[in-house]
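Everything below concerns the one structure shown next.
The values are calculated or read from the model by the stated rules, or taken from the named source; none is laboratory data. Not measured: the values here are computed from a predicted model. Here the Cβ is made from the backbone with ideal geometry for all residues, glycine too, and neighbour counts use every protein chain on show. To get the accessible areas, we keep the full protein, side chains included, count just its heavy atoms, and leave off ligands, DNA and RNA. Shrake-Rupley method; radii C 1.70, N 1.55, O 1.52, S 1.80 Å.
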Amino acid sequence: MVKNLVFDLDNTLLYWKDEYINALYKTLKDLNYNLSFDKINDIDNCIDSYENYYEYLTKESLVNFINDRCNMNFDINFIDLLLKNHEDCYNIDEKLIDTLDYLSSKYDLYVITNYFTETQIARLKNAKILKYFKKVYGGDTNYLKPNLKAFDNIKDKENSIMIGDNINFDIIPSMKVGMKAILISQEKNLKYKTIKNIYELKEML
């Protein structure tokens, strides 16, 4: 019997859109950095790739990673300001709110994200969906997926379902620890149970 639904956040609950790269542009502008389009893309890609190399997320290791990979000289103030700007990266989706309202009436809902907990909580709150989740586990207080320990906080794993958009970070590791999993993808996957969007959960569950 399913008791818990565990969600990835980015591109599962909240989708990446132009406002994310705009947050980086705004941060650099506020700190008086005048960088090329290619350089800014390099920094953005570097931030995205951090989780491929580390098991934990800290501001210090992230800024050092960016500086080393992109030949920059940022300090922690850059990370703090970027995180503050990321809090405004959300969209209010009434259909999603309706879906989570339904799901939370039947199951306990959780979030496991590889980004900073405080920032992700702020985004969920701004999107008016934080109230549906029992707990948000971020990458600065939890192991980063795909480390299997990232799922240690989820009890009763055999009665839990992981929902996410990344096979390697969400689906495979959650199944390894005994959870069921649902992949969100526009492409049909014959190996894993797949849905095109989160709204389909209302009919499935």
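Below is a table of values for the structure above.
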read-out: Residue ID - farthest from ASP30 (Cα to Cα), chosen from residues in the range 92-122 that are touching a Leu at 6+ places or on another chain (Cβ under 7 Å) and of a type in the set (S, T, N, Q); value: THR99
read-out: Residue check for ILE121: buried (at least 17 other Cβ atoms within 10 Å of the Cβ) and either among the charged types (D, E, K, R) or over 13 Å from HIS86 (Cβ atoms) (or both); value: no
read-out: Options TYR137, TYR102: the member that is in contact (Cβ under 8 Å) with a residue 12 or more places away in the chain, open to solvent by 10 Å² or more (accessible area, probe 1.4 Å) and under 17 Å from the mean Cα position of the chain (by Cα); value: TYR137
read-out: Scope the range 196-205; condition open to solvent by 40 Å² or more (accessible area, probe 1.4 Å), out of contact with any Lys or Arg (no Cβ under 7 Å at 6 or more places or on another chain) and not in a loop (DSSP other than H, G, I, E, B); matching residues; value: GLU200, LYS202, GLU203, MET204
read-out: Exclusive hit being open to solvent by 70 Å² or more (accessible area, probe 1.4 Å) and closer than 20 Å to SER104 by Cβ, set LYS188, LYS155, LYS149, LYS193; value: LYS155
read-out: Residues within the range 105-118 that are within 15 Å of the chain's Cα centre (by Cα) and open to solvent by 40 Å² or more (accessible area, probe 1.4 Å), tallied; value: 2
read-out: Subset of the range 158-176 that is open to solvent by less than 40 Å² (accessible area, probe 1.4 Å) and touching a helix residue (DSSP H, G or I) at 6+ places or on another chain (Cβ under 9 Å) - its residue that is nearest to VAL2 (Cα to Cα); value: SER160
read-out: Flag for GLU55 being among the acidic types (Asp, Glu), open to solvent by 50 Å² or more (accessible area, probe 1.4 Å), within 24 Å of TYR137 (Cα to Cα) and in contact with a Leu (Cβ under 9 Å, 6 or more places away or on another chain); value: yes
